[in-house]
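A.B. asks: I am attaching a structure below and will ask some questions about it afterwards.
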Amino acid sequence: MLRQAAVALGYVAVYALIRPVSDAHWELLSGLRLALLLLIPYRYWAALAVGDTITSAYQSSLSVAQFGLGWGLANAVPFIALAMPVVWFCREKLALFPSRQLVNFQTLLLCTLAVPMVWALANYAAMSLAKNPGVAITPILVVYLFVGSYVALLTTIPWVIIAKLEYRSGMLLKRLRGFVKSSMALDAAGILIPSQLILSWLTLHGKEDKQVYCLFMFLPVAWLTLKHGWRAAVMGGTIVVACINVLMNYDTPDPMVLQVQSMIAFAITCLIAMGARISALHQREAQERVDVEQAMRLARQSLQVGEMRLRQASETLEYVCGEMQVTQNRLLNRFRMMLPANESQMYSKQAATAQEKMYQIADAMHPIAWRRRGLRAALRENLGRALDEAGIAYNYQVKGRGFGAHAANLHTMIYRLACESVVYICANVRCSDVQLTLRGVDIDGNRLVVLRIAGHLDGATEDSTFFRQGQRDRLAHKLGVTGLDLVELRDHVRLFNGQFHVRPSDKTLQLTFLLQDVAEQEWEQNVPAPTPMRLWAS
């Protein structure tokens, strides 16, 4: 009961503060009523109705002698209670808030359209019972009452929605500082406000076509909405409405004022709907970027997991090869005296050949030099040995710094791209030597790696032929590659936000890779993707 009383008294206090600045052109009390119904839980609605009854009865008592008892009783009806069925239907049946961070703008605009209709009809009925209403009781009065409430709702309710979406306990100052530093605040201060001041001055001193100047006021708001979404439409629309209400302050229904208010209502409605759609598109684009980044991260992890499995298999095979060597030596030593010398040598040679093949398979799966001495040793020894056996000279250079701080998956990509590039170049160019250059660069904390592999054609080998298929397969087998083409190489480079360039010429084929050391971190962003045909935005 104490909470119910506090809600009722709080409503009366806020009503008393807003009542002096609320008029028929910009009925801020309508915004107060609907805002409370949207935010306050259902259990406090009865207290809101009681508070609204107290304020309405007090306002009616001040003018009951002038307008009569019938008007006083009709005007004492709490308008907030008349809007409760509409708001309940929108919240419960039309999914006004699909989640805590989403707003269904179709339902919101429908609610802000239906509620002022109900209130306009109630006001019209009450004024019809007045003795001396002071204005002509005509159907145009309903439109006048509706437009005044509707414009007020369009410029107040979205601010309440923004507060609901942005509020975090203990982060108010941080949110405000973030808004002040945002690009939307900068655009508003640099373009929106100065343009509104200029147009307001022209409207104030212009004798004719004031409606045209009022219409021009929405052009900067439209530009801001296209750039920043529905929040910009709300901020700009509120500023425009404030300027127009200050310039056109009339106490009685006037056709020009009604025309301007109708134009304002139509423009703000369109801008908010367009801004909601743009915000939904921005959210979907942000979600797509997050999905792409998560997919890239998963691909990098899969690459590293696959490389670790190859390393484990290589280590296991190396260990088994060593065990087999010990076992075979024991057997050959035991049966050496029982076998002829030539047969014993043949068995020893076959055992050594089998062991060498197993070591080659283990080394092709994951270089032993890489495990023992790092990436540089693998690039120098494994590539050099494979190319030397193929009769191709090999030149290897490492420049720059920062290789020790790179992620393991980047080292994996560097080695695999180098091996794939060597096989591709040797299969497509009659080269006599291959040059590999690896450079590490650190730019503003971004660690980059440039890998360049170039195959050169020497004049002495002008009549040599391309690699035969068998020679290419043997080189690929020694280096443990699958023979990727240029498109597949480019796809691998994109995993590390890199670039890939191919520079062919008559005597040279050069492949250049630019890779970025992407820091692996857990993505905690949860950007909801709205349905394409729904105006859902956060």
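A.B. asks: If I filter the stretch 359-374 for residues that are of a type in the set (D, E, K, R) and open to solvent by less than 60 Å² (accessible area, probe 1.4 Å), do I get at least one hit?
C.D. replies: yes
A.B. asks: Name the residues in the stretch 471-491 that are among the β-branched types (V, I, T) and in contact (Cβ under 8 Å) with a residue 12 or more places away in the chain, would you?
C.D. replies: If the condition is that a residue be among the β-branched types (V, I, T) and in contact (Cβ under 8 Å) with a residue 12 or more places away in the chain, then V481, T482 are the ones that fit.
A.B. asks: Moving to a separate point now. Considering each residue of the stretch 1-23, count those that are more than 42 Å from the chain's Cα centre (by Cα) and in a loop (DSSP other than H, G, I, E, B), and give that number.
C.D. replies: Counting residues in the stretch 1-23 that are more than 42 Å from the chain's Cα centre (by Cα) and in a loop (DSSP other than H, G, I, E, B) gives 1.
A.B. asks: Further, regarding this structure: Report, by residue number, each residue of the stretch 38-62 that is in a helix (DSSP H, G or I) and free of Cβ contacts under 8 Å to residues at least 12 places away in the same chain.
C.D. replies: Hits for the stretch 38-62 are R43, Y58, S61, L62.
A.B. asks: Please verify whether T55 is within 25 Å of S279 (Cα to Cα) and crowded, with 19+ Cβ neighbours inside 10 Å, treating the condition exactly as stated.
C.D. replies: Spelling it out, it is not the case that T55 is within 25 Å of S279 (Cα to Cα) and crowded, with 19+ Cβ neighbours inside 10 Å.
A.B. asks: Take the residues of the stretch 389-406 that are farther than 13 Å from G374 by Cα, of a type in the set (A, V, I, L, M, F, W, C) and not in a strand (DSSP E or B): which is modelled with the lowest pLDDT?
C.D. replies: So the residue we want is A390.
A.B. asks: Let me ask you something else. Just need a number here: residues in the stretch 482-497 that are in a loop (DSSP other than H, G, I, E, B), open to solvent by 20 Å² or more (accessible area, probe 1.4 Å) and either among the charged types (D, E, K, R) or closer than 12 Å to L417 by Cβ (or both).
C.D. replies: Residues flagged as in a loop (DSSP other than H, G, I, E, B), open to solvent by 20 Å² or more (accessible area, probe 1.4 Å) and either among the charged types (D, E, K, R) or closer than 12 Å to L417 by Cβ (or both) within the stretch 482-497 amount to 3.
A.B. asks: If you don't mind, there's one more thing I want to ask. Filter the stretch 346-358 down to residues that are open to solvent by less than 60 Å² (accessible area, probe 1.4 Å), without any contact (Cβ under 8 Å) to a residue 12 or more places away in the chain and hydroxyl-bearing (S, T, Y), then give me how many there are.
C.D. replies: Count: 0.
A.B. asks: Do the conditions hold for L110, that is, is it over 30 Å from P133 (Cα atoms), among the aliphatic types (A, V, I, L, M) and open to solvent by 10 Å² or more (accessible area, probe 1.4 Å)?
C.D. replies: yes
A.B. asks: Quick check on V241: is it out of contact with any Pro (no Cβ under 8 Å at 6 or more places or on another chain) and aliphatic (A, V, I, L, M)?
C.D. replies: yes
A.B. asks: Starting from the stretch 380-403, keep only residues that are without any contact (Cβ under 8 Å) to a residue 24 or more places away in the chain, then list their pairs with residues that are in a loop (DSSP other than H, G, I, E, B) whose Cβ atoms are within a distance under 9 Å, requiring at least 6 positions of separation or different chains.
C.D. replies: Qualifying pairs under 9 Å: E381/P367; G391/S432.
The values are calculated or read from the model by the stated rules, or taken from the named source; none is laboratory data. If you're wondering where the values come from, they're calculated on a predicted model, not measured in any experiment. Every residue, glycine among them, receives a Cβ derived from its backbone with ideal geometry; neighbour counts consider all protein chains shown. The accessibility values were calculated without ligands, DNA or RNA, using every heavy atom of the protein model including side chains. Shrake-Rupley method; radii C 1.70, N 1.55, O 1.52, S 1.80 Å.
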